[in-house]
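Below is one structure, written out as structure tokens; the observations come after it.
The values are calculated or read from the model by the stated rules, or taken from the named source; none is laboratory data. Since the model is a prediction, treat every value here as computed from it, not as a measurement. Neighbour counts are summed over all protein chains in view; Cβ atoms, including those assigned to glycine, are modelled from backbone coordinates with ideal geometry.
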């Protein structure tokens, strides 16, 4: 297997790319996982957010070498074992009509899933601190409602959060 090796969406993967390649480009160009978007390239916008060992991080700021041996979950792998192959946050985004153009949506869902994995009943301040993603469509009030809805579903079903994040 080419190096560096890591686990992406539950599957071991290796890339024949330079170790200093940003994880974002390995995901998009090497693994054809295009749900992770390129936005600003400096980690500020949140479009490239992925879960690394369960924590939301901008993939444009992590190199393949830094990701080696770690577990990465992209929007494509999030909640694959949930009802209909979706995570509660994905369902909540639709229910709250929080999706507009959709460009920022994968990163927002990933950031919210990381938060909800730690705390399924976050305060508004915690939601605001976790969702630093930029959304040009301005759906922020609906995003907060979506996080609350997803948290309520997760608490109600008491599904192990780990089973929703690969």
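Descriptive notes on the structure:
- The condition of being under 17 Å from residue 140 (Cα atoms), surrounded by fewer than 22 Cβ atoms within 10 Å (Cβ to Cβ) and at pLDDT 95 or above does not hold for residue 34.
- Condition check for residue 51: under 16 Å from the mean Cα position of the chain (by Cα), outside the structural domain of residue 35 (by TED's automatic domain parsing) and touching a residue at least 40 places away in the same chain (Cβ under 8 Å): no
- Evaluating residue 115 against the criteria (1) in contact with a helix residue (DSSP H, G or I) (Cβ under 9 Å, 6 or more places away or on another chain); (2) touching a residue at least 60 places away in the same chain (Cβ under 8 Å); (3) closer than 16 Å to residue 52 by Cβ leaves one unmet condition, (2).
- Some residue of segment 92-114 being closer than 22 Å to residue 8 by Cβ, over 14 Å from the mean Cα position of the chain (by Cα) and buried (at least 16 other Cβ atoms within 10 Å of the Cβ): no
- Single unsatisfied condition, residue 12 versus (1) free of Cβ contacts under 8 Å to residues at least 40 places away in the same chain; (2) assigned to a loop (DSSP other than H, G, I, E, B); (3) over 14 Å from the mean Cα position of the chain (by Cα): (2)
- Among the residues of segment 56-82, those identified as more than 18 Å from residue 25 (Cβ to Cβ) and surrounded by fewer than 20 Cβ atoms within 10 Å (Cβ to Cβ) are 69, 71, 80, 81, 82.
- Pairs with Cβ under 8 Å, 6+ apart, first in segment 97-109 and outside the structural domain of residue 45 (by TED's automatic domain parsing) and at positive phi, second part of a loop (DSSP other than H, G, I, E, B) and at pLDDT below 95: none
- Some residue of segment 77-88 being in contact with a strand residue (DSSP E or B) (Cβ under 8 Å, 6 or more places away or on another chain) and touching a residue at least 12 places away in the same chain (Cβ under 8 Å): yes
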